[in-house]
Structure formats: C-alpha cells, structure tokens
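The values are calculated or read from the model by the stated rules, or taken from the named source; none is laboratory data. These numbers come from a predicted model, not from an experiment. When we count neighbours, we look across all protein chains shown, and the Cβ atoms used for this are built from the backbone with ideal geometry, even at glycine.
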C-alpha cells in the first residue's frame, strides 16, 4: 500500500510541475551521465550567468526532487508527515508568479531502466531543448544487471554499460530537431548517439574532431585547463580548487553550451572563470587540525574520478599521503573488480588508508598488508575520525572520498578540520535532514 501511495504522490507532483512549466516556459537544459552531472550543471550556469537568467535544479535530480524544485518546494525531513506537508502546499505554488528565470538547467539522475527511476519518466516531467551527456560507467549497474537477466541477456560489463548508455541516451534521442545535443566524443557509447538524434550536435573531448577540444591540463598555482574550438584557444586557471583532470571535460561541455548560445570561446571562458563555484565535497582543499591538509571529495565516489583524485594526491606537497575511502556503491557484479582496480592505485600512492565499508576493506586491506603499509578498517565515519585524529601528524595530506547518502564521510572531516565552525558553509549534505542522518551514525 505504501508503495502505491508513493507512486500516486509522484504522479501528483509530476502533473503540478508540468503545469508550472507550461506557465513558466523556460528553455530547459538537461544533463545526464554516470559522473560529473552536478559540476557540469554549475559550470553551465556559470557560462550563461551574464547572458541568461538561470535557475538550476540545485540538489534535485530525481523523480521526486525535480518536480518539487520546479514548484519551489523543499523537503525538510523526508518523513511521512513532511511528504504530507509538501502535498498540501504544492497547489499553492501555482498561485505564485512564475519563476523569472528564462533558462532551467536540470540534472537528470536515473537509478535503473524502469519507471519511475528511469530516463523515460524524467522526460515525462521535463522536455529539454538542450541535452548534455557527460559519461558512462557502471554506477547503478546492479539495477541494469537484474533487468538484463529478466530479459534473458547476459549481464556482462559491456551489456550493462550499453544498457545504461541507451537509457540515459533517451535524453539525446528525444531532443527536438530545433534542439542541441552536447556529447562526450571520447566515449563511443555516447558519441554514437550523434547518429540517433535529429538535434544539432556539438561535442567535447580530447580529440581534434571535438567541437571543444581539451588540449591539456597543468599545475601552475592550482589547476590550469586549456581548450580549443576551431582556431581559437582559451585557458581556465582555478587557484582555489585542486581539480582533477576530468574537470576539463566538465568545463568543455559547458563551453559547448556557451557556443550554442552564440558566445565566442573567449567569452564563454571568461564567464566560466568569473562565475564558477564548485559545490561542496568536490575537490575542495580544507585546512586540517595540527597543520594538516584535507582534500575533500566526499560527496560521492566512482572509479574514474577516484583514480583522478589519487593522481592529484600524488602531486600534492606535504608529508604522508593518506586516504579515507568509503565503498563505491551500486557497481553490481563489477564491484569487486573495480575496488581491486582502485586498490592497485591506492597502494602505489598512499602511505596509509582508512577504509569504511566492506567492499573497500575486502579489496584494499590485503593489498596494503602485502605492501606492509598501514590500513585501518573503520566501522563508520565517526570511527574513522577517531582513528585519524590519533594517527595524523603535521603536514599530512588526507584525501576523503566515498559514495553518497549513507557513509557520510563529511562527519570525519568536520572532526578533523581546523575550523569546524565553517562546516555549514563548506561541507556537503547540509540541512535538517542530513543532520538527522549524521546523528544516527554518531
């Protein structure tokens, strides 16, 4: 019964959101991909900030979050009473003047191939004119594996990735002929969608054929990214963030959006440089207690971004290279092999690791024991904080990264940061609901 009431509530919010969009009528830019969606959303908003009135979906990317965001409603506790509150006040949102923004940049996150967790359902809420497809990997693979098995298909890695790309790719294949598809040219499963859409196609990637080419990244008092479009080149220099190389693709996708709106590459780069603010928990440098440095990438984790973070950790100046690592979730049958792949990089880079979650412990502990390097298995983020507090010494550099929503590794960061009074401003997952979730783990 609870399941059916939940589905009924989703339909209710969906219909109200569609009506609100019919009044508002913004240009909708949809972003999908297995990684990089939120950062791409923020980068696009930065590029367009000086020429459009932009609203983003903020922290909403799901079948419930997107309609509520369109209606200007925000959950407080996600309890039954909170959902009842939202249902009662939702019609009142239609009495307010429509949002003044002329552009809505929305993150489209899916968990599987069936409604309401799939792309088809999200596209029944919003119909983007511009679609951006960032990346494909095995995140959420377990849901696609079970779907493949139910359809008598072998759920190997290739089949899972293909199924994920096909479902996410509906954003691209359903674009109108007046629309624009912005595709990662470096990933074949994404690039081939150029032949399956009626929309104009722009691409980003490292190849010369890309509309916006990522030329190189370098370290010069921060991270510098170099781009080329046609005969024009530009650079972005971020002093305040330690950005992994894959952010080059994030920024290139946003620059493509700028080109779509008639900006030159230089104009788009200038706007991105001036307006981009990285969301908390993504490649942020935080001062730790006792003259330590925390490399906070705790919002979420998947294999390729984590490997990029290890490469950055390798280059950081300081004392010992340490990592607090949480499980990478929803990898399906690829979980063990992906954690082992991560372990091979971690043992080469890190002097010691602190592990939260059974998958990290199973894969990394044997590798570190074999290398005679310290590895600590932690029951929770709070346990990790206690172990780290006793282990850290001046000049140490600590990478923090793990999957979202249940590990809550920001708990450890708050205990270890030099100025915990800044936690609300600079750490991820803030607000009443997340504070309650953290208290459950303390």
**Prompt:** Does region 102-144 hold any residues that are under 25 Å from residue 258 (Cβ atoms), in contact with a helix residue (DSSP H, G or I) (Cβ under 8 Å, 6 or more places away or on another chain) and part of a loop (DSSP other than H, G, I, E, B), and which are they?
**Reply:** 108, 109, 123, 126, 128, 134, 135, 136
**Item:** Condition met for residue 217 (in the same structural domain as residue 39 (by TED's automatic domain parsing) and more than 16 Å from residue 130 (Cα to Cα))
**Value:** yes
**Message:** Which count do you get for residues in region 407-422 that are within 15 Å of residue 281 (Cβ to Cβ) and surrounded by 14 or more Cβ atoms within 10 Å (Cβ to Cβ)?
**Reply:** 10
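Let's see how each residue does on (1) assigned to a loop (DSSP other than H, G, I, E, B); (2) in contact with a helix residue (DSSP H, G or I) (Cβ under 7 Å, 6 or more places away or on another chain):
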position	(1), (2)
42	no, no
45	no, no
70	no, yes
73	yes, yes
85	no, no
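Residues that are under 21 Å from the mean Cα position of the chain (by Cα) and in contact (Cβ under 8 Å) with a residue 60 or more places away in the chain: which strands (runs of 3 or more DSSP E) entirely in region 212-288 hold 1 or more of them?
Per the criteria, 284-288.
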**Fill in**
The number of residues in region 181-204 that are assigned to a strand (DSSP E or B) and more than 16 Å from residue 32 (Cα to Cα) is 1
**Asked** Can you name the strands (runs of 3 or more DSSP E) wholly within region 342-433 that have at least 3 residues being in contact with a strand residue (DSSP E or B) (Cβ under 8 Å, 6 or more places away or on another chain) and touching a residue at least 60 places away in the same chain (Cβ under 8 Å)?
**Response** 397-401
